[in-house]
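Enquirer: Sharing a structure below in structure tokens format, with a few things to ask.
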Amino acid sequence: MLPPFEAILFDYDGTLAVLNLDFAAMRQDLLAFTVAQGIAQEALQGFDILEMLERATEMLHLRQPEHANRYAREAAQMLQDMEVEAAYSSGLLPGIADLLETLRQERIGVGIVTRNCDAAVRVTFPHIDAYCQAFVPRDRVTQVKPHPAHLQTALDCLGIPPSRALMVGDGAMDIQAGKALGMFSIGVLSGNSPEAKLLAQGADLVLSSAADLLPYITQLQRPV
């Protein structure tokens, strides 16, 4: 049984949509572009894609601010181009359209918080604004998951406190961010993360798919 809730925050890729982004290739392309700017590869070890971009921009800014700004723009555009291209061969996962329609009919708030860009998400989900009241891609925030501020931005848009919302995602970052706000956090196995990894991050529940939430929605107990 889920706790009473008035809204659900969802990750996007791997949670609502087919995850077909080649993160390894994206990281390698960004790494090569960054090293070409004069930054040692060793200085970028251990960073995820967005964190690498941020770190490299900071390092370049110490040397030449104008160069740093140009790098940040060009690197961000390179990532967006790859994301948009991948989006054309993606789409919503089975059962997600029914889930979102049910949430709309039940007047349950929906937020989507993603490290993907606005343009790529709208390729796969052009009607997102009809089903989602708080769409927060990375290009609308300064701090992205796993930082809880990303989720808090969506909650503020919905006007719902963390205690009355669920977080649903396929990745460790989703669970980390949700738990940091004290949210009931649900992991799903439709992405790349195994159940053990999601539970290790503190997931309160693990489902095969976000679509498996439908039975819970129909038995909803609203907060009093």
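What follows draws every value from the coordinates through simple rules; no lab data is involved. Computed from a predicted model, the values in this text were never measured in an experiment. Note: ideal-geometry Cβ built from the backbone for every residue, glycine included; neighbour counts use all protein chains shown.
Enquirer: For each of ILE112, ILE128, count neighbouring Cβ atoms within 10 Å of the residue's Cβ, then give the residues from fewest to most. Spell out each step's value before the answer.
Expert: Numbers: ILE112 25, ILE128 17.
Taking fewest neighbouring Cβ atoms as first place, the list is ILE128, ILE112.
Enquirer: HN-Hα J couplings of the stretch 202-214 from phi, Karplus 6.51/-1.76/1.60, θ = phi - 60°, integer Hz, Gly and Pro as x?
Expert: In residue order, the calculated couplings are x, 4, 7, 7, 10, 10, 5, 8, 4, 4, 6, 6, 3 Hz.
Enquirer: Hey, what angle do you get for helix 49-63 against the long axis of the chain, alpha-carbon based, 0 to 90 degrees rounded to 10?
Expert: On a 0 to 90 degree scale, this one is about 40.
Enquirer: Tell me what the chain gives for mean residue ellipticity at 222 nm when only DSSP H runs of n ≥ 4 count, each as -39,500 (n - 2.57), the sum divided by the residue total, rounded to 500 deg cm²/dmol.
Expert: Details: 10 runs with 103 residues, N = 224.
Computed ellipticity for the chain at 222 nm equals -13500 deg cm²/dmol.
Enquirer: Among DSSP beta bridges lying fully in the chain, give the percent that are antiparallel, nearest 5. Could you put the intermediate results ahead of the total?
Expert: Details: 1 of 20 bridges.
Once the DSSP bridges in the chain are tallied, antiparallel ones form about 5 percent.
Enquirer: Once you sort the root eigenvalues of the Cα gyration tensor of the stretch 101-208 as a ≥ b ≥ c, which label holds: rounded (a/c under 1.5), prolate (a/b larger than b/c) or oblate (the other case)?
Expert: Working: a/c = 1.36, a/b = 1.32, b/c = 1.03.
In terms of gyration-tensor shape, rounded.
Enquirer: When the Kirkwood radius is taken over all Cα pairs of the stretch 29-143, what Stokes-Einstein diffusion coefficient follows at 10 °C and 1.306 mPa s, in µm²/s?
Expert: Translational D for this selection: 98 µm²/s.
Enquirer: For the chain, compute Rh as the Kirkwood radius over C-alpha pairs and then the Stokes-Einstein diffusion coefficient at 20 °C and 1.002 mPa s; write the answer in µm²/s, rounded to an integer. Numbers along the way, then the final one.
Expert: Working: Rh = 18.1 Å.
D = 118 µm²/s.
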